[in-house]
1. Being touching a Ser or Thr at 6+ places or on another chain (Cβ under 8 Å) and aliphatic (A, V, I, L, M) is the filter here, so list the residues in segment 415-462 that pass it.
2. Going by the conditions given, is ALA194 of a type outside the set (Ser, Thr, Tyr) and buried (at least 16 other Cβ atoms within 10 Å of the Cβ)?
3. If I ask for residues that are touching a residue at least 40 places away in the same chain (Cβ under 8 Å) and not in a loop (DSSP other than H, G, I, E, B), which ones from segment 458-488 would you list?
4. Hey, can you tell me all the residues within segment 216-237 that are exposed (fewer than 13 other Cβ atoms within 10 Å of the Cβ) and part of a loop (DSSP other than H, G, I, E, B)?
5. Note down all Cβ pairs under 6 Å where the first residue falls in segment 270-286 and is at pLDDT 95 or above, the second is among the basic types (Lys, Arg), and they're at least six residues apart or on different chains.
6. Output the residues belonging to segment 362-376 that are more than 21 Å from ARG300 (Cβ to Cβ), hydrophobic (A, V, I, L, M, F, W, C) and touching a residue at least 40 places away in the same chain (Cβ under 8 Å).
7. When the residues of segment 270-289 are narrowed to those that are touching a strand residue (DSSP E or B) at 6+ places or on another chain (Cβ under 8 Å) and not in a loop (DSSP other than H, G, I, E, B), which ends up farthest from SER307 (Cα to Cα)?
Amino acid sequence: MTEEIRELIEKFALQNAVKYRSAPNHGAVMGKLMGERPDLRPRAREIAPLITSVLREIEQMSPEQWEARLREIAPELIEEISARKEPAKGLQPLEGAEGGVVMRFAPNPNGPPTLGSARGIIINSEYVKMYGGKFILRFDDTDPVNKRPMIEAYDWYIEDCRWLGAEPHEIVAASQRVEKYYEVAEELIRRGGAYVCLCEQSAFKALKDAAKPCPHRDHTVDENLDLWKRMLDGSLKEGEAVLRVKTDIKHKDPAIRDWAGFRIVTKSHPLVGDRYRVWPLLDFESAVEDHLLGVTHILRGKDLIDSERRQRYLYDHMGWVYPRVLHWGRVKIFQFGAFSTSKLRRAIEAGEYSGWDDPRLPTVRAVRRRGITAEALRKFMIDLGVGETDISISMDSIYAENRRIVDPIANRRFFVWDPVEIEIEGDVPEVAEAPLHPTIDRGMRRIRAGNRVLLCREDVKVLGPGSRIRLKDLCNIEIIETSPLRAELIDLSPETAKRLKLRIIHWAPVDGIPVRVLGPERTDTGIGEHGISDELDRIVQFERYGFVRIDSVGDEVVAYFAHR
């Protein structure tokens, strides 16, 4: 049995070494082994020394020998490394998920969910639906300074998760569980896996960059425990000490060397006030929570691979098994360019945007207010899949999906932007009847008409004396003069318009309701038919304009533009 395990360790260690062209990582090998053989998890402490022994042998070999040996004993693992990784269409099976999964989405609530957040929320929850288990919404909110949480954002995330069809089974705020991290920190110190560093930041950086140990690294356990208590009780001040997790001080990547797990922060926290003065940094808090919550699989941006490498040292010190990790590439949306929540927050505070649901912003709240449906976002994100390749997409792809969903349910209405009045000579009906939907029988709508109606200025610009047009669902006319704009009635028949191949334009009553349409690229004001007032909080199609969501109704109707 031991020999069989040793062979597996060797294969996975060689694969790790060949993949990263460096000595294999103990934590990565342990994670791979436990993922392939979950029956060995109870024996993790027993197996750890065996992994160390195998790794020592492999470290003596050259990169060429690593690849030759791996090709000899497990050529399929060589192929796995070299396989081109493309974004999957739809969700692919998760290894080791047959018995159920525990997945988490872990935002910092310093603003509301963005479209990028929606991807994480949807995919994590969808995997839980596929395999059974638990979807956890965890707020990684232990930075009260640089990424200071917003109290409103906690509820925004919960609300948007539910709207997206991703109801969390459990909601956790890390800032309310700091005592649990203290317990782990103390145990880590007792195990010799952490120490209190008293170096100034610049001094430690110089040592770290030179791959030299901090002078406090060799303090005894009792000395570190005493310094740790002094951090907690206020004897040590902000900036005077940090608790560091021991790694390989000679590691090729300085970012991995003895990373900071806790720091002293005296600024009050928006959620828990002054309850704590020693706060875990994200890599520590997230690593501990993944273990405490029993997370089985992590979806993580490939730009966070260093976080995983740091966290695996903590797991090794504690004898824990690291969850399976799937990395995915970034998704860039053409229409929004580069953005960050902190930059958006500053712009909103400066008055550049009306709020987090401003139609120009890439937040879930903004696209939701515009009339983008949760179903469209879910379908799009699931079809996008999970892959390591960075992707650039257009909102047009989401719009196309949304159009398929809303077209059958959206009533049609007339809205004339930048209106110009036209007077028509002849017996024009006082009321026009038009279908609420062109292909689905939902009845007719009645629109006030008469001899004076409103047209869009851009339609009027191309008209001259003798121009013939059809006013949709009303009548056919011929322009007599353009200043002022006058026409005479030809007849009411749609057949005449077909025979004469007349251009068809929409119109609005002169006493219609004022309408303002807010969109990501422009704001339009004009007049619409009265029936728009009956469409509050619904998605409608303004004919020859696009789909909008009616946001408010009063003396003026405010609509949010979705897409054409």
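1. The one that is touching a Ser or Thr at 6+ places or on another chain (Cβ under 8 Å) and aliphatic (A, V, I, L, M): VAL460.
2. So ALA194 fits the description; yes.
3. Across segment 458-488, the qualifying residues are GLU458, ASP459, VAL460, CYS475, ILE477, ILE480, LEU485, ARG486, ALA487, GLU488.
4. ASP218, THR220, GLY234, SER235, LYS237
5. Matching pairs, first to second residue: ASP283/ARG310.
6. VAL367, ILE372, ALA374
7. Taking the candidates together, the pick is VAL278.
Yes/no matrix, rows are residues, columns are (1) buried (at least 18 other Cβ atoms within 10 Å of the Cβ); (2) touching a Lys or Arg at 6+ places or on another chain (Cβ under 7 Å); (3) over 30 Å from ARG368 (Cβ atoms); (4) at pLDDT 95 or above:
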position: MET444; (1), (2), (3), (4): no, no, yes, yes
position: CYS456; (1), (2), (3), (4): yes, no, no, yes
position: LEU485; (1), (2), (3), (4): no, no, yes, yes
position: ILE504; (1), (2), (3), (4): no, yes, yes, yes
position: ALA508; (1), (2), (3), (4): yes, no, no, yes
position: VAL517; (1), (2), (3), (4): yes, no, no, yes
position: GLY531; (1), (2), (3), (4): yes, yes, no, yes
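The values are calculated or read from the model by the stated rules, or taken from the named source; none is laboratory data. Computed from a predicted structure; not experimentally measured. Positions of Cβ are generated from backbone atoms using ideal geometry, with glycine treated the same way; all protein chains shown enter the neighbour counts.
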